[in-house]
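In what follows, a structure is listed as structure tokens, so that the remarks can point back to it.
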Amino acid sequence: MFTLFNGSRTAAIEIDKNAAEAVILAVGDLQRDLRALSGQPCGFPIVTEGGDIRISTEGGEEEHYRVSVCADGVSIVGGGVLGTVFGVYAFSTRLLGVDPMYRLNDVFPSTRAEMAVEDGTFCSPARAIRFRGWFLNDEDLLT
């Protein structure tokens, strides 16, 4: 079990100094979620070394992530930038219990005095769709 925050400490978030902008934005959202849960206006610093929540991007299957929790901290590893972003949001949703749409549905996370997460590992499911496309006004433009 790893303690994210309590009355005497808050976890630091570690990212690579050359992290992609999308990862930095996702980590900012994670920082905001942790601050909302703890009720602390500051805390949960973002560092490049020695953090408790380690976020990294490694080669591998694109859009794949692995989240591991142990007594030493939390590790979020993504296969590519998009996998890392998905891993950060999966951690926030599955382990922190933050509704990803809380700003739209007005179900804000309740504050707590302390929070710990259980040891374990979970990975993203295998990708089911290989290609995606956007169509303007829901038109397929094939006519």
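The values are calculated or read from the model by the stated rules, or taken from the named source; none is laboratory data. This is a predicted model, so every value here is computed, not measured. Note that we place each Cβ from the backbone using ideal geometry, even for glycine, and neighbour counts take in every protein chain shown. The protein model used for the area step is the full one, side chains on, heavy atoms only, and it has no ligands, DNA or RNA in it. Shrake-Rupley method; radii C 1.70, N 1.55, O 1.52, S 1.80 Å.
So what does the Cα-only Debye profile of region 13-73 read at q = 0.12, 0.21 Å⁻¹, as log10 I(q)/I(0), no solvent term? So the normalised log intensities work out to -0.32, -0.96. Of the three principal axes defined by the Cα atoms of the chain, the extents in descending order read 64, 37, 27 Å. Neighbours of Tyr89 by Cβ distance under 11 Å: Lys/Arg scored +1, Asp/Glu scored -1, total -1. Axis of helix 21-38 versus longest Cα principal axis of the chain: the two differ by about 40°, to the nearest ten degrees. The share of accessible area on the chain that comes from carbon and sulfur is 54 percent, using a 1.4 angstrom probe. Give the residue list of GluC sites (Glu not before Pro) in region 1-110 that are DSSP loop and have at most 10 other beta-carbon atoms within 10 angstrom. Within region 1-110, the qualifying GluC sites (Glu not before Pro) (loop, at most 10 other Cβ atoms within 10 Å) are Glu49.
Around Ser56, what is the net charge, scoring Lys/Arg as +1 and Asp/Glu as -1 over all other residues with Cβ under 13 Å from its Cβ? Local net charge: -1.
Note on Asp119 and Glu58: the model spin-label points, each 7 Å out from Cα along the C-beta direction, lie 2.0 nm apart. Calculated mean residue ellipticity at 222 nm for the chain: -7000 deg cm²/dmol, from DSSP H runs with n ≥ 4 weighted as -39500 (n - 2.57), summed, divided by the residue count and rounded to 500. Dipole size of the chain about its Cα centre, with +1 on Lys/Arg Cβ and -1 on Asp/Glu Cβ: approximately 260 debye, rounded to the nearest 20. Given their separation in residues at 0.36 nm each and the Cα-Cα distance between them, Gln31 and Asn18 gain 2.8 nm when the chain is fully extended. Phi angles across region 108-116 convert, under the Karplus curve 6.51 cos²θ - 1.76 cosθ + 1.60 with θ = phi - 60°, into 3J(HN,Hα) values of 7, x, 7, 6, 9, 7, 8, 8, 10 Hz, Gly and Pro given as x.
For the chain, the relative contact order comes to 29 percent (Cα pairs under 8 Å, sequence separation of at least 6).
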